[in-house]
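Data block below; observations after.
The values are calculated or read from the model by the stated rules, or taken from the named source; none is laboratory data. Please read these numbers as outputs of a predicted model, since none were measured by experiment. Positions of Cβ are backbone-derived with ideal geometry, glycine not excepted, and every protein chain shown enters the neighbour counts.
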Amino acid sequence: MRPETLGGFVLRTFLWLPVCFAAWYAAAPYHGLAAGTLARAVIEPFGSGLVTSLERSGFDLEFVTGIAVRAGTGQPAILAPEVNPLLYTYGLAFFAALMLAARASVWKLLAGALALLPFQAAGIAFDFLVQVAVKSGPEVAASVGLLGGTRELIALGYQLGSLIFPTLIPVVLWAAFNRAFIERMLRPK
């Protein structure tokens, strides 16, 4: 068996990326709905019953709330923020490409995909919470009790969920599942 090289691994990863992104995109509406459903559990501690239902519109998730707001016309309306889960779930395609390039088992790939779900759900949840606690204005935030330090926590969660989790967590999980592969690849020849 030929020794593993970093260049070979990188090349295989780049070759797997288009295939993995195509598969992720095809499954994205269903995967996004699963992550969105889990996101409701992340949202719950910030306001019990804040989300009354979750609906899917294409790729987007619509979180229906019981929060009364005034529409642009001055008419009363219910706040229903939309979140694009593609922004938070693309790390799955990257993780799959890394796993396939490392020739990892299918079970490790599936376990990693499941381990990514809570991080993806957190990103989706904090996007929703930012829309309610920050973007909808102080009146809406006050009406649901999302004030002060809670808003700061939500802003931090949003930054982690949108900037850090989608890219860093797949690499960390890949490394955790492939320690022997990494050691073999880095072993001096």
Single unsatisfied condition, G145 versus (1) loosely packed, with under 15 Cβ neighbours inside 10 Å; (2) in a helix (DSSP H, G or I): (2)
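Has the range 167-181 got any residue that is among the basic types (K, R), surrounded by 13 or more Cβ atoms within 10 Å (Cβ to Cβ) and assigned to a helix (DSSP H, G or I)? Don't jump to the end; show me each part of the working.
First, pick out the residues of the range 167-181 that are among the basic types (K, R): 179.
With surrounded by 13 or more Cβ atoms within 10 Å (Cβ to Cβ) added as a condition, the list becomes none.
So far as the range 167-181 goes, no, none of its residues is among the basic types (K, R), surrounded by 13 or more Cβ atoms within 10 Å (Cβ to Cβ) and assigned to a helix (DSSP H, G or I).
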Kindly list the number of the only condition in (1) more than 13 Å from the chain's Cα centre (by Cα); (2) surrounded by fewer than 19 Cβ atoms within 10 Å (Cβ to Cβ); (3) modelled with pLDDT of 95 or more; (4) closer than 30 Å to S48 by Cα that fails for G137. (3)
So, first residue in contact (Cβ under 8 Å) with a residue 40 or more places away in the chain in the range 43-61, second residue loosely packed, with under 15 Cβ neighbours inside 10 Å and among the β-branched types (V, I, T), Cβ within less than 8 Å, six or more apart or across chains; the pairs are V51/V64
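Here's the yes/no breakdown for (1) surrounded by fewer than 16 Cβ atoms within 10 Å (Cβ to Cβ); (2) more than 11 Å from the chain's Cα centre (by Cα); (3) within 22 Å of W24 (Cβ to Cβ):
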| position | (1), (2), (3) |
| --- | --- |
| Y88 | no, no, yes |
| M99 | no, yes, yes |
| S105 | yes, yes, yes |
| L117 | no, no, yes |
| I124 | no, no, yes |
| L129 | no, yes, no |
| A141 | no, yes, no |
| A155 | yes, yes, no |
Do we have any residue at all in the range 34-42 that's touching a residue at least 24 places away in the same chain (Cβ under 8 Å), surrounded by 13 or more Cβ atoms within 10 Å (Cβ to Cβ) and not in a helix (DSSP H, G or I)? no
For P81: the one exception among (1) surrounded by 19 or more Cβ atoms within 10 Å (Cβ to Cβ); (2) closer than 23 Å to G47 by Cα; (3) out of contact with any helix residue (DSSP H, G or I) (no Cβ under 6 Å at 6 or more places or on another chain): (3)
So G137 passes all but one of these: (1) free of Cβ contacts under 8 Å to residues at least 40 places away in the same chain; (2) in contact with a helix residue (DSSP H, G or I) (Cβ under 9 Å, 6 or more places away or on another chain). Which condition number does it fail? (2)
Which is touching a Phe, Trp or Tyr at 6+ places or on another chain (Cβ under 7 Å) and among the polar types (S, T, N, Q), of Q159, Q120, Q75, Q131? Q120
Considering every residue within the range 62-73, establish whether at least one is assigned to a helix (DSSP H, G or I) and surrounded by fewer than 16 Cβ atoms within 10 Å (Cβ to Cβ). no
Taking only the range 40-78 into account, find how many residues are among the basic types (K, R) and in contact with a helix residue (DSSP H, G or I) (Cβ under 6 Å, 6 or more places away or on another chain). 1
Surrounded by fewer than 16 Cβ atoms within 10 Å (Cβ to Cβ), of a type outside the set (V, I, T) and either part of a helix (DSSP H, G or I) or within 19 Å of the chain's Cα centre (by Cα) (or both), is that true of L110? yes
